[in-house]
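Please read the structure below before turning to the comments.
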Amino acid sequence: MIKRIVKLTFQKDKINDFIEIFESSKSKIAGFEGCNHLELWREKKEGNVFFTYSFWENEAALNRYRKSELFGKVWPKTKALFADKPKAWTLEMVWEKK
């Protein structure tokens, strides 16, 4: 399993537009084959900085999503609202406390 964190910084007057896009697509993204978990986080101080946090079966599953029709519809709408370039990290677990 891999975890994906994406930092999204939006124009302050476009935050509600992003939230609408996310609300209308979150179930489809979370239900995409290979996606095991999806969260949206908001940075408290800045307010226009969000993070998606998702778990994927593997990098191939993530790449299938990134090449999917769904991503092709959601990403351009989201990208148009940015105030800064997005940043993304794909992580694999090294250690975990159980």
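The values are calculated or read from the model by the stated rules, or taken from the named source; none is laboratory data. Treat the numbers as computed from the prediction; the structure is a model and nothing was measured. Heads up, the Cβs are rebuilt from the backbone with ideal geometry, glycines too, and the neighbour counts pull from every protein chain shown. Accessible surface is based on the protein model in full, side chains and every heavy atom, while ligands, DNA and RNA are left aside. Shrake-Rupley method; radii C 1.70, N 1.55, O 1.52, S 1.80 Å.
For this structure, a couple of remarks:
- Carbon and sulfur %, accessible surface of the chain computed with the full protein complex present, 1.4 Å: 52 percent
- Using the Karplus relation 6.51 cos²θ - 1.76 cosθ + 1.60 with θ = phi - 60°, the per-residue 3J(HN,Hα) values for the range 66-72 come to 5, 9, 7, 4, 4, 4, x Hz, with x marking Gly and Pro.
- Using the alpha carbons alone, the radius of gyration of the range 56-98 stands to its Kirkwood radius in an Rg to Rh ratio of 1.10.
- Taking 17 Å as the straight-line reach from the Cα of residue 28, the aspartates and glutamates in range (excluding those fewer than 8 positions away in the same chain) are 20, 39, 57, 69.
- Derived scalar couplings ³J(HN,Hα) [the range 7-14; Karplus, 6.51 cos²θ - 1.76 cosθ + 1.60; whole Hz; x for Gly, Pro]: 9, 10, 10, 9, 4, 4, 7, 10
- Accessible area per residue in Å² at 1.4 Å probe, computed on the chain: 70 Å²
- Signed unit charges on C-beta, dipole axis of the chain, positive-most listed residue 49, 78, 31: 49
- Taking Cα centre as origin and charging only the Cβ of basic (Lys, Arg, +1) and acidic (Asp, Glu, -1) residues, the dipole magnitude of the chain rounds to 180 debye.
- Neighbour net charge for residue 34 - beta-carbon separation under 9 angstrom, K R +1, D E -1: -1
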